[in-house]
Amino acid sequence: MKSSNIPADSGYPEAVDVQPSGGIESLDAPQEESSLSIPHHPLGVKPLGNKYTAISDARNLIGPFQVLPDEILAVLLEYLEPHKLLLLGATSKFISPQSKSGSFTWQGTWRSTLLGLSKDRLSQVSCNNVFSDVLYRPFLCTHTSLVPYASNIPQANAIARFENLSAADFSGNWSDKPFILTGPVREWPVYQSWETDSLLEQYGDVKFRAEAVDWTLDTYIKYMRDNSDESPLYLFDRSFVEKMKLQPGKQQERPSYWIPECFGDDLFAVLGNQRPDDKWLIIGPARSGSTYHKDPNATSAWNAVLRGSKYWIMFPSDSSSPPPPGVYVSEDQSEVTSPLSIAEWLLGFHAEARKTAGCVEGVCGEGEVLHVPSGWWHLVVNLDASIAITQNFVPRSHLAGVLSFLKEKPDQVSGFKKDVRDPYGTFVEGMQSQHPELLKQAFEELRKKAEGKKRKWDEAVGKEDGKKDGGFSFGFGDDSDEEIP
Ligand SMILES: O=C(O)CCC(=O)C(=O)O
Ligand SMILES: [Fe+2]
């Protein structure tokens with residue numbers, strides 16, 4: 001952060017300078033050519049750096065709480081009920097509540113919604129002498145343009161694009177790589193008819209899940225069209241097919257939408273109604289999106305954009321390569337820590353990520369569908385208001401990987417209903433009865449892989465014979481492992 005020379009109370013320049021890969025600049029930082037313009041904070045809040053030359057500092061007004069850094073204060077405030085937050089908010093310029101459920105009308109900001117007042121009736125408390133990165137950073141992130149991050153993609157990083165792909169080509173060459181299909185979605189009835197207004201007419205009073213709340217589509221779309229949140233609430237609903245009375249199916253049956261042919265059979269289908277969650281409707285405004293993750297249960301996925309566009313940045317995963325820059329993972333990969341919003345990650349790590357081996361990027365536009373291979377890290381951000389459908393599946397080429405995940409990482413298995421006590425056993429049973437040949441091949445693949453690992457291990461520790469007596473076990477070096485039938 002650059003240091004500040006001009007007293008903050010002497011007024012501040014027209015806009016804040018922000019570098020696409022930098023942190024928060026002081027308001028009086030010199031203009032640089034490549035910088036992007038950030039408007040004034042509507043209440044006058046400024047970055048912490050400006051405090052050191054300021055004449056007055058509103059933090060002096062919070063009494064004994066001054067000893068706590070803003071980060072800790074923000075965490076403490078999360079424990080307060082909305083009405084208590086409002087009471088406290090009346091005593092300080094540092095507080096802005098963000099929570100709402102039940103029946104209400106979205107008023108453009110969380111504060112006005114909580115107070116039930118339109119934005120223009122809300123008093124504008126001047127915060128010219130408030131200096132806080134915790135309060136300023138979300139504003140900076142909201143007004144940081146996404147364009148520089150989603151453009152000038154180096155050719156070596158560009159995600160491959162095809163109009164269509166055959167099932168054989170997918171299986172043989174592409175099931176381990178991301179790609180974008182530009183053809184199949186354009187024929188879907190849902191692609192042709194899902195204008196936001198027509199959705200509102202049909203489903204306006206239907207409730208959909210948006211993170212921790214269930215909101216009617218009507219309320220969510222009002223929110224989507226008018227909010228300034230750094231990380232906007234994201235509608236991610238796994239029951240949309242039932243709620244919207246859709247009929248996914250085979251292309252010949254003229255359903256609402258169908259799975260692009262190249263992805264072939266989804267082997268989790270053998271689980272029938274015991275299968276884990278697999279379909280989501282995703283709606284969100286620009287800047288909403290998904291922070292880094294891998295898809296559940298080692299499944300692959302496709303993500304079809306019906307309206308808007310999404311920027312994807314992805315990294316392959318094998319045990320020897322580190323997670324993407326700015327992402328921290330526990331040893332068993334069960335916990336992912338990315339203490340950053342999408343915009344913060346873009347500001348701080350995008351430039352480095354773009355140069356990291358394995359990085360691929362692309363924009364999936366309206367009417368296109370992107371393939372997420374099993375195990376790949378991905379971060380996704382909506383470049384404008386978007387509507388998408390995503391579905392997770394198990395292609396033949398990843399059957400062995402999924403079996404291994406279900407067996408080796410039962411604590412990380414997710415999305416199954418509670419009454420499915422043994423997802424691995426249930427899946428093996430289903431495969432055994434419907435696709436015994438494929439199951440046999442997958443076990444054979446796993447056996448070879450485990451033998452290879454064991455041989456390497458034995459070589460490393462100086463043992464002569466890498467082969468273990470008796471049957472094959474998934475893990476290696478652990479004699480207690482259960483044997484595969
Ligand atoms: O559209 C998004 O935000 C990404 C969803 C996702 O992670 C996926 O489809 O795998
Ligand atoms: Fe995902």
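The values are calculated or read from the model by the stated rules, or taken from the named source; none is laboratory data. Because the structure is predicted, anything quoted here is derived from the model rather than measured. Using ideal geometry, Cβ is built from the backbone for each residue, glycine included, and neighbour counts are taken over all protein chains shown. In case anyone asks, the SASA skips ligands and DNA or RNA and just uses the protein heavy atoms, side chains included. Shrake-Rupley method; radii C 1.70, N 1.55, O 1.52, S 1.80 Å.
These residues, R421, R59, go from largest to smallest accessible area, 1.4 Å probe, as R421, R59.
Per-residue extension of 0.36 nm, minus the Cα-Cα distance of T356 and S239, leaves a gain of 38.4 nm for this segment. Y149 contributes an accessible area of around 10 Å² to the protein surface, as traced by a 1.4 Å probe with all chains present.
K84 to A460: FRET efficiency via 1/(1 + (r/R0)^6), r the Cβ-Cβ distance, R0 60 Å, to the nearest 0.05? Walk me through the intermediate numbers first.
Details: r = 59 Å, r/R0 = 0.99.
The pair K84/A460 has a calculated efficiency of 0.50.
Would you mind getting the accessible area per residue of segment 213-280, heavy atoms of the protein chains only, 1.4 Å probe, in Å²?
On the way: 3340 Å² over 68 residues.
Value for segment 213-280: 49 Å² per residue.
Our estimate of slack between K250 and A156, defined as 0.36 nm per intervening residue step minus the Cα-Cα distance, is 30.2 nm.
Heavy-atom accessible area for I72, with the other protein chains in place and a 1.4 Å probe, reaches approximately 80 Å². The largest accessible area among D265, D419, D237 belongs to the first residue in D419, D265, D237, and the rest follow in falling order (1.4 Å probe, all chains).
Measuring r between the beta carbons of T182 and E211 and using R0 = 25 Å, the FRET efficiency lands at 0.25.
Suppose the chain between Q274 and S56 were pulled fully straight at 0.36 nm per residue; how much longer would it get relative to their current alpha carbon spacing?
Numbers: separation 218, 0.36 × 218 = 78.48 nm, distance 6.24 nm.
Value of the extension gain: 72.2 nm.
In this simple spin-label approximation, A74 and E331 carry label points 7 Å from Cα along the Cα→Cβ vector, and these lie 3.2 nm apart. On a C-alpha basis, how far is the centre of segment 133-208 from the centre of segment 211-238 in Å? Whole number, if you could? Going from one Cα centre to the other spans 18 Å. Neighbours of E444, meaning other residues whose beta-carbon lies under 12 angstrom from its beta-carbon, give a summed charge of +1 when Lys and Arg score +1 and Asp and Glu score -1.
Tell me the per residue accessible area of segment 310-452 using a 1.4 Å probe; a whole number in Å² is fine.
Counting only protein heavy atoms, the per-residue value for segment 310-452 is 44 Å².
Could you please state, rounded to a whole Å, how far the C-alpha centre of segment 360-418 is from the C-alpha centre of segment 248-307? Taking the Cα centre of each part, segment 360-418 and segment 248-307 sit 8 Å apart.
For segment 242-298, the carbon plus sulfur part of the accessible surface works out to 45%, probe radius 1.4 Å.
Net charge in the neighbourhood of R225 (other residues with Cβ under 12 Å of its Cβ; Lys, Arg +1, Asp, Glu -1) is -3.
Please list D266, D384 from largest to smallest accessible area, probe radius 1.4 Å, with all protein chains kept in place. Numbers along the way, then the final one.
Numbers: D266 30, D384 70 Å².
Result, largest first: D384, D266.
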